[in-house]
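The values are calculated or read from the model by the stated rules, or taken from the named source; none is laboratory data. None of these values were measured; they are calculated from a predicted model. Every residue, glycine as well, gets a Cβ built from its backbone with ideal geometry; the counts of neighbours run over all protein chains shown.
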Amino acid sequence: MPDLASLDGRHITYLGWLDIAAGKQFIVYPLDGRLVGIEGRFTPAGKKSMCFVCNRQEEVALFTAITKARPANASPDYYKAIGNYMCVSSETCNRNITDVAALETFLRNVLG
């Protein structure tokens, strides 16, 4: 988890951090009046591309999260993963965000 004391609150829309050893990213965001958190697989792309969160050209990685929602008659083995390319650096992404609609839609889809 990042050092919360060193974060500049003026430039934080979501709190995100990487666990490089596990290949996971964690995101915490205030959605619909409550704090929600998701974790997902983080696979660096090794190139610059468009980030789905901030909509800027930055160094990206594929962030894939497994949804919590299941169809009514789904088998016990059912799962659905949703993935998008997002900035490798949460700090850079937070500075670039001008609209949270894409982030909120993604979180709602993952959380179900």
Residues that are of a type outside the set (Lys, Arg) and either surrounded by 15 or more Cβ atoms within 10 Å (Cβ to Cβ) or not in a loop (DSSP other than H, G, I, E, B) (or both), drawn from segment 101-112 | ALA101, ALA102, LEU103, GLU104, THR105, PHE106, LEU107, ASN109, VAL110, LEU111
Within segment 91-112, tally of residues that are among the charged types (D, E, K, R), within 13 Å of ILE38 (Cα to Cα) and without any contact (Cβ under 8 Å) to a residue 60 or more places away in the chain | 0
Neighbours by Cβ (under 6 Å, 6+ apart or cross-chain): first from segment 11-35, closer than 17 Å to SER89 by Cβ; second modelled with pLDDT under 90 and loosely packed, with under 12 Cβ neighbours inside 10 Å = TRP17/MET1
